[in-house]
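Laboratory data are not the source of any read-out in this text; all were calculated from the coordinates shown. Keep in mind that what you see is a predicted model, and the values were worked out from it rather than measured. As a convention, Cβ positions derive from the backbone with ideal geometry for all residues, glycine included, and neighbour counts pool all protein chains shown.
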C-alpha cells in the first residue's frame, strides 16, 4: 500500500479556517474593519477608515499619499478581502483622501 501525504503550509490552513469563521459572522462595521486590517496590515489600517455599502467598500485615507498606496495595492487588497469574506460581498473598492484627516 502506498500512502501519499500532502503537506500544506500552516498559514494557508489558518487563513482558510479564519475565513470560514469570519464568513459565519453577520455583516457589521466591526467585521469589515477586522477583515480590512487582516488584508492591508496594521499601518495601512491605522491610516484609513472603511465602510461597506451595498458591495462597495469605501476607503477614506488619511491623506493623498495613503490614498495612492491603497490604489496601487487595489488588486491584492481586493483578492485578500474576497478570500476572507467571499467573492460575492465586495464588488468594488473606492478610495479617496480625507480633507480633514482621520
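Relative protection proxy for 77-85, 25-33, from highest mean packing down: 77-85, 25-33 (other beta-carbon atoms within 10 angstrom).
If you take the square roots of the eigenvalues of the alpha-carbon gyration tensor of the stretch 31-90 and sort them as a ≥ b ≥ c, do you get rounded (a/c under 1.5), prolate (a/b over b/c) or oblate? Note, shape of the stretch 31-90 comes out prolate.
Summary of the geometry: the stretch 48-84 and the stretch 31-45, compared by the centres of their Cα atoms, lie 9 Å apart.
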